Structures are given as structure tokens and as C-alpha cells.
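This report refers to the structure that appears directly beneath it.
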Amino acid sequence: MRNRGIVMNKMLFSFAICFIALAGCQAGQDNTSSTSEVLEEAIGIEQTNANKENDDIAEVVIDQHNYDYSFSDYPILSRYLGNFNKPVQKLQSLSFTHVINDQYIVTFACHQDDCSYLLIDFDQASSFLLSDLSVLTEYQLSPDQSFAAFLFERSTEDQTPTHHLSVLNLETLQPVELELQEEEQLIPRPNQFQYPIRSVTFDTNQIITVESEPISNSGVRDVITTHWIYQ
């Protein structure tokens, strides 16, 4: 009986050892599985970030010139493109009008004839919103090509056109203030769609000449010619 008890104890001891070893192997497999899952998750995150980084850069071809378009550099236009299932394809379909060097007027968000206009500089990776819900009637460069004048039109309820003149410094892509020359008749600045403008002409010495129609109820019937200082 004693020998039989010893044998039973040895069997129980061996079984216990095997159970512990088996449990250890299982734990090892669980740890290996967990480690594998962590690695796979990390690789997936890295690939996702890489894809996002690639998606943030698009190539746009304008007049046989290739430009990199970073969606983060042009937030206004990129928000508009984000409304479409294929933003890169929509970007390629937009109208780009060359101004100078790597600067273009981008026409987008059109409703019938009224559109939004953005001046984009691919070299500086910056842009400026010129106007919303209007029609670009003309634009021109200053004699030294450092400034540009953009004339936009809107129609009032009685179909009378009014205009907005925006003059930009092309180096900074910022608008400049217009001030009347001394002894000129007082008239509102031509940048608020307040009256019709016939023509805009850059002169020398930082002067721009504006020919405008008389303001309603002003009593003036002749075309008004004013000279504005820009700098």
C-alpha cells in the first residue's frame, strides 16, 4: 500500500509539472499573439498616415506646367474641394487664368454666372480670396508688374451693374489701400460694389485712374474720373 501511495504521488507530481509547462506554453502563445497584434496595428497606423500624407499632395497641370498642390496650404479652395467625392479630379477641372510667373486666378464655386475667385501662388504656396459671388470683368498689371488690379461685377435687383476694384501687392498677396489724390472730389472707395465702374488704368507714380458712372441720386450725369494712390 505504501509503494502504491508513492507511485500515486509521483504520478500526481508529474501531472502537475506537465500542467504548469502546458500553461506556460499557452501563456507564451498568448504573449506572442498579443505582440503580433500590436505590431500589425502599428504597421497599419503607419500605412494609414503615409496614405493620408500622399492624399494631401496632388499634382495639377496648367498650361503644360506641373504644380504640386498641398491641400493644407490652400484652406479656402481645399474646403470647397472637400465637398466632392473626387477632390483631385475636381481640382483638375477648375479654370486657372495665368496672371504672372506661378500665380493664377482660380474660378470655383459658381452659381449660374456668379463665381468665387482666388489668386493662388504655387511658388509661395499661398493664396488670397479675391471675391465671392461675382463676375470677373477684367484684370491688369501695374507697369512694374508688382501690383494687379481686379475688377468684379454684381447686378442689383434692377439689373444695374455695380463693381468692386481690388488692387493686390503680388509679392505679399495682400490688398492695398486706395486713397484719393488731393483736391479730388469725394467719392466712396471703389471696392464695395457701390457704383458702376467703366474702366481702370494703371498710371505711373503709384496712381490708378478709375472712370465710373455717376452714383444714383447724386445729381451728377457725366462720367466721373478719379485718381487713386496705391502703395
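The values are calculated or read from the model by the stated rules, or taken from the named source; none is laboratory data. On a predicted model such as this, the values are computed, not experimentally measured, just so you know. Glycine gets a Cβ as well: all are built from the backbone with ideal geometry, and neighbour counts include every protein chain shown. Just the protein is used for accessible areas: all its heavy atoms, side chains included, with ligands, DNA and RNA removed. Shrake-Rupley method; radii C 1.70, N 1.55, O 1.52, S 1.80 Å.
Annotations
- In the range 61-96, residue most open to solvent (accessible area, probe 1.4 Å) [restricted to those that are hydroxyl-bearing (Ser, Thr, Tyr) and touching a residue at least 12 places away in the same chain (Cβ under 8 Å)]: 72
- If the condition is being surrounded by 11 or more Cβ atoms within 10 Å (Cβ to Cβ), modelled with pLDDT of 95 or more and part of a loop (DSSP other than H, G, I, E, B), then the range 146-184 contributes 146, 170, 172, 173, 176.
- Test: residue in the range 171-191 that is β-branched (Val, Ile, Thr) and more than 20 Å from residue 99 (Cβ to Cβ): yes
- When the range 185-217 is limited to residues that are modelled with pLDDT under 90 and among the hydrophobic types (A, V, I, L, M, F, W, C), the one that is farthest from residue 230 (Cα to Cα) turns out to be 215.
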